[in-house]
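Enquirer: Please find one structure pasted underneath; my questions will follow.
Only the coordinates and a few stated rules stand behind these numbers; no lab work does. Being a predicted model, the structure only gives us computed values, none of them experimental. Cβ: placed from backbone, ideal geometry, glycine included. Neighbour counts: every protein chain shown.
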Amino acid sequence: MHMKKIILGSFLLSTLLSAQNAVSLNINDEDVEVQTSLDLNNFMSYTSGTLYTFDANYLHSDGDNLLGIGFSGENQLQGTNGLRVSLGLKAVFADEFAAIPLLARASYTLPLADTVPPITVEMNVAYAPKILSFNEAERYTEFRTQLGMELVPNIHLFTGYRYIDTDYKAFDHTFNESFYLGLKFGF
């Protein structure tokens with residue numbers, strides 16, 4: 001019952017925080033993750049080509065919990081149509097673990113808009129060496145890849161793979177390695 005309250009509370013909080021951008025939920029047999037992305041440009045009345053976002057996620061995996069909070073800047077890569085690149089920082093927290101990894105993300109929308117709904121391929125990489133790892137943390141590594149389709153305007157169905165490694169000073173721990181299915185709502 002306690003876990004259901006955490007998931008529901010996280011989902012509701014994410015929905016409130018993400019009133020300007022997106023909220024998503026992804027699951028598999030053993031994991032549930034809630035993610036939100038907030039477009040900061042709307043709050044700052046910033047109109048340059050760079051999109052600044054605040055991201056937050058909560059992952060419950062096999063009895064463990066991981067919270068992430070991040071900030072990034074995103075823009076279309078010059079000379080390419082449909083390829084967007086983001087760079088930023090995020091903070092991650094787990095049991096006696098904290099790290100501030102550097103974040104790189106790429107998103108490519110396939111040029112098939114006239115024949116099928118928009119399809120997007122994404123890849124995320126985050127890494128924190130020892131100097132950016134705190135508490136009992138030694139290093140943090142995260143890799144994600146995702147394929148999504150916008151079936152209805154502002155509603156995306158996606159599938160993906162994530163690998164999250166939380167190395168502690170005393171032991172190495174693969175926090176999560178799994179495939180998932182999810183739904184994302186844009187606002």
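Enquirer: Could you point to the residue in ASN81, VAL32, LEU157 farthest towards the positive end of the chain's charge dipole, with +1 and -1 charges on the Cβ of Lys/Arg and Asp/Glu respectively?
Expert: ASN81
Enquirer: In debye, nearest 20: dipole of the chain around its Cα centre with unit charges on the Cβ of K, R (+) and D, E (-)?
Expert: Dipole about the Cα centre, nearest 20: 520 debye.
Enquirer: Toward the positive end of the charge dipole of the chain, about the Cα centre and with charges on Cβ (Lys, Arg +1; Asp, Glu -1), which of LEU110, TYR180, MET44 goes farthest?
Expert: MET44
Enquirer: Follow-up question, since we're still on this one. Label THR80 and TYR127 with points 7 Å out from Cα along Cα→Cβ: what is the distance between them in nm?
Expert: Using points 7 Å along Cα→Cβ, the separation is 1.8 nm.
Enquirer: Lysine pairs, Cα distance under 22 Å, 8 or more residues apart or cross-chain: how many in the chain? Spell out each step's value before the answer.
Expert: Values: LYS4/LYS184; LYS5/LYS184; LYS90/LYS130; LYS90/LYS169; LYS90/LYS184; LYS130/LYS169.
So the count works out to 6.
Enquirer: Also: Relative to the compact globular guide of 2.2 N^0.38 Å, what is the alpha carbon radius of gyration of the stretch 105-175, as a ratio? The partial results should precede the final answer.
Expert: Numbers: Rg = 16.9 Å, N = 71, 2.2 N^0.38 = 11.1 Å.
The reported ratio for this selection is 1.52.
Enquirer: Given contacts defined as C-alpha pairs under 8 Å and at least six residues apart, what's the relative contact order of the chain, whole-number percent? Don't skip to the answer; put the middle values down first.
Expert: On the way: 475 pairs, mean separation 28.9, N = 187.
This gives 15 percent for the chain.
Enquirer: So what are the ³J(HN,Hα) numbers for the stretch 165-181, from phi and the Karplus equation (6.51, -1.76, 1.60; θ = phi - 60°), rounded to whole Hz, Gly and Pro as x?
Expert: My calculation for the stretch 165-181 gives 10, 10, 7, 8, 5, 8, 7, 9, 9, 6, 5, 7, 9, 7, 9, 8, 10 Hz in order.
Enquirer: Here's something else I'd like to know. Subtract the Cα-Cα distance of ASN65 and PHE134 from 0.36 nm times their separation in residues, and report this length gain in nm to one decimal.
Expert: Roughly 23.1 nm would be gained on extension.
Enquirer: Calculate the all-directions average of the projected area of the chain's alpha-carbon convex hull, and give it in nm².
Expert: 11.5 nm²
Enquirer: List the chymotrypsin sites (Phe, Trp or Tyr not before Pro) within the stretch 46-77 that DSSP assigns to loop and that have no more than 13 neighbouring Cβ atoms inside 10 Å.
Expert: Those satisfying the criteria are TYR46.
Enquirer: How tilted is helix 2-17 with respect to the longest principal axis of the chain? Cα atoms for both, answer in degrees (0 to 90, nearest 10).
Expert: 40 degrees
Enquirer: Which ³J(HN,Hα) values, rounded to whole Hz and listed in residue order, are derived for the stretch 127-136 from phi using the Karplus coefficients 6.51, -1.76 and 1.60 in 6.51 cos²θ - 1.76 cosθ + 1.60 with θ = phi - 60°, glycine and proline given as x?
Expert: 8, 10, x, 3, 5, 9, 10, 10, 6, 9
Enquirer: Given 0.36 nm per residue, what is the gain on full extension from PHE143 to LEU110 after removing their alpha carbon distance, in nm?
Expert: So the extension gain works out to 9.7 nm.
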